[in-house]
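The values are calculated or read from the model by the stated rules, or taken from the named source; none is laboratory data. In this text the structure is predicted, and so the values were computed from the model without any measurement. So basically every Cβ, Gly included, is an ideal-geometry build from the backbone, and we count neighbours across all protein chains shown.
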Amino acid sequence: MSNANTYITSSCIIRNNTVVKNGVEVLTEADTALPEFLRGLYDRFSGQYPKFHKMDLLSKLGWIATEVLLQDMPMETYAPEETGVVLANTSSSLDTDERYFETVREIASPALFVYTLPNIVIGEISIRHKLKGENAFFVAETFDIEFITGYVQQLLDTGAINACICGWVEQYHITYDAALYLIEKNNRGLGVSFTAESIRKLYL
């Protein structure tokens, strides 16, 4: 596999109530619970998307991280089928699964049941940005950067896609960590060569 002419053009890290875009801290809010923190990010970076309020926390986290990731990075030059989404985490949708199980004791909640698969976050991102390319959601103990990098590079090398949103979106109870990267064959924005080492530096 080759990473020639493949670039990380944007990155977004959300953890510890802090948002980092392209390696630069753009916002921090201490002592704010995750639901309120994500609502604040929605108000600041997006807004006017009522479906956001119906999402589970995992989907909200991945969705808002994508909003930050794609700020100032227009994707209209790509056909919907040309942009893929490849994500991973360690807890799957367990947080929502547990909350859904609690409702089963009385009246099962269809609103929660919708989110009892981790790849629903990809669906929410894809609906928002009209993406129809290859997508996959993996569950692993840790963020396997080499695996994700290799998988995305193969999709790009074979021409299955020309751009990809990839990374890690983990949320379980009060713990969370989002690290998303926009990978393109076009050199723009951040313009860092797409390698596992580059992803690792931006993640840490």
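Going through segment 1-16 one residue at a time, which ones are closer than 18 Å to Gly159 by Cα and either modelled with pLDDT of 95 or more or of a type outside the set (S, T, N, Q) (or both)?
If the condition is that a residue be closer than 18 Å to Gly159 by Cα and either modelled with pLDDT of 95 or more or of a type outside the set (S, T, N, Q) (or both), then Met1, Ala4, Thr6, Tyr7, Ile8 are the ones that fit.
Could you look through segment 143-171, keep only residues that are in contact with a Leu (Cβ under 6 Å, 6 or more places away or on another chain) and within 16 Å of Thr90 (Cβ to Cβ), and pick out the one that is surrounded by the most Cβ atoms within 10 Å (Cβ to Cβ)?
Gly167
Residue by residue through segment 179-204, note down the ones that are outside any loop (DSSP other than H, G, I, E, B), more than 22 Å from Ser126 (Cα to Cα) and out of contact with any Ser or Thr (no Cβ under 7 Å at 6 or more places or on another chain).
Correct list: Ser193, Glu197, Ser198, Arg200, Lys201, Tyr203.
Going through segment 121-130 one residue at a time, which ones are surrounded by 17 or more Cβ atoms within 10 Å (Cβ to Cβ) and in contact with a helix residue (DSSP H, G or I) (Cβ under 6 Å, 6 or more places away or on another chain)?
Val121, Glu124, Ile125
Quick test of your reading of the structure: Ser46 fulfils all but one of (1) modelled with pLDDT under 95; (2) farther than 28 Å from Gly150 by Cα; (3) exposed (fewer than 13 other Cβ atoms within 10 Å of the Cβ); (4) touching a helix residue (DSSP H, G or I) at 6+ places or on another chain (Cβ under 9 Å). Name the failing condition by number.
Here Ser46 clears every test but (3).
Applying the selection to segment 133-151, what residues are part of a helix (DSSP H, G or I) and within 15 Å of the chain's Cα centre (by Cα)?
Within segment 133-151, Ile145, Ile148, Thr149 meet the criteria.
Name the strands (runs of 3 or more DSSP E) wholly inside segment 1-61 in which the number of residues that are under 22 Å from Ala163 (Cα atoms) and free of Cβ contacts under 8 Å to residues at least 60 places away in the same chain is 2 or more.
Per the criteria, 18-21.
Could you tell me how many of the residues in segment 17-34 are exposed (fewer than 11 other Cβ atoms within 10 Å of the Cβ) and modelled with pLDDT of 95 or more?
3
Residues of segment 65-84 being among the acidic types (Asp, Glu) and over 17 Å from Thr158 (Cα atoms), which ones?
Glu67, Asp72, Glu76
Can you name the residue in segment 159-178 that is among the small types (Gly, Ala, Ser) and part of a strand (DSSP E or B) and is also farthest from Glu98 (Cα to Cα) among such residues?
Ala163
Which one is surrounded by the most Cβ atoms within 10 Å (Cβ to Cβ), of the residues in segment 172-204 that are touching a helix residue (DSSP H, G or I) at 6+ places or on another chain (Cβ under 8 Å) and over 19 Å from Ile64 (Cα atoms)?
That would be Ile199.
Across segment 55-77, which residue is farthest from Arg99 (Cα to Cα) among those that are out of contact with any Leu (no Cβ under 8 Å at 6 or more places or on another chain) and buried (at least 24 other Cβ atoms within 10 Å of the Cβ)?
Per the stated criteria, the residue is Trp63.
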